[in-house]
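The values are calculated or read from the model by the stated rules, or taken from the named source; none is laboratory data. Note that the structure is predicted; figures quoted are calculated from it, not measured. Don't worry about glycine lacking a Cβ; one is built from the backbone with ideal geometry, like all the others, and counts go over all protein chains shown. Only protein heavy atoms, including side chains, enter the accessible area calculation; ligands, DNA and RNA are left aside. Shrake-Rupley method; radii C 1.70, N 1.55, O 1.52, S 1.80 Å.
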Amino acid sequence: LLGESGSGKTLTLKCIMGLVRPDSGAIRIDGQDTVSLRGRERDQLLSRCGMLFQQAALFDSLPVWHNVAFRQLQRKELNKEQAHVMAVDCLRSVGLGAAVADLLPSELSGGMQKRVGLARAIASQPEIILLDEPTAGLDPIMSNVIASLIVRNVRELGATALSITSDINTAIKIADQIVLLHAGKVAWSGPPGEIADTGNPIVERFIHKWKMERAA
């Protein structure tokens, strides 16, 4: 989901997660309308999902490995030793060494925190991965690194990923299909290779504004 601030990207994600109830319409996953799900049914749906938050949303007081394995520890699916081993494996999947596992989030750079957030998102081997502005606040080089890690891990898991972003480069790098939102509505959708030549004035304005902001 691509679009500028206020276009409805984050609200759409919140509706999918059940944090906000839509005024109308349906959200279907595997053909099932999920809007009315509550309690155990909602929990079962969320257990199939992994989430990468915009600012990584790591717990400052917990070491990196505990952040990665937070869900498994909370649900008592693993003991601490098992969780540590699992977390190190996930960290390796995002290009981080075992030594990072025992650090605190405050000891990591912004790019490393994003990688830890991605490691946590894939730790449960989810069927669905939701990504909230995965490259926000990163320089172009690190943005490309994170985008490549997302593509690789999503493919290895065989998962479905939905990412929201305002960065065209990120969208083109990670997406099979792009949907551009404008004022809460779909302005255009199509494969990444077609976005630069749509003839759609809303898309063209968005691309022009994005280029101007990048050049500033």
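Points to keep in mind about this one:
- Counted by Cβ distance under 11 Å from Asn169, the other residues give a net charge of +2, where Lys and Arg count +1 and Asp and Glu count -1.
- Gyration tensor (alpha-carbon) shape descriptor, the chain, a/c threshold 1.5: oblate
- Of all lysines in the structure, those lying under 21 Å Cα to Cα from Lys114, and not within fewer than 8 positions of it along the same chain, are Lys9, Lys14, Lys173.
- Considering only GluC sites (Glu not before Pro) in DSSP loops that have at most 16 other Cβ atoms within 10 Å, the longest stretch of the chain without any of them is 128-216.
- Within the range 122-167, all pairs of alpha-carbon atoms sorted by distance into 10 Å bins from zero give the percentages 27, 54, 19.
- Antiparallel DSSP beta bridges within the chain, as percent of all bridges there, nearest 5: 40
- The portion of the accessible surface of the range 71-216 made up by carbon and sulfur, rounded to a whole percent, is 51 (1.4 Å probe; DNA, RNA and ligands excluded).
- Calculated accessible area for the range 54-183 comes out at 48 Å² per residue, all protein chains present (probe 1.4 Å; ligands, DNA, RNA ignored).
- Take every pair of alpha-carbon atoms less than 8 Å apart whose residues are at least six positions apart; their mean separation over the length of the range 1-121 yields a relative contact order of 25 percent.
- When the chain is treated as a GNM with alpha-carbon contacts under 10 Å, the residue of Asp167, Asp60, Asp33 showing the greatest mean-square fluctuation is Asp33.
- Phi angles of the range 175-187 translate, via the Karplus equation with coefficients 6.51, -1.76, 1.60 and θ = phi - 60°, into HN-Hα couplings of 9, 8, 9, 10, 10, 9, 9, 9, 6, x, 10, 6, 8 Hz per residue; Gly and Pro are given as x.
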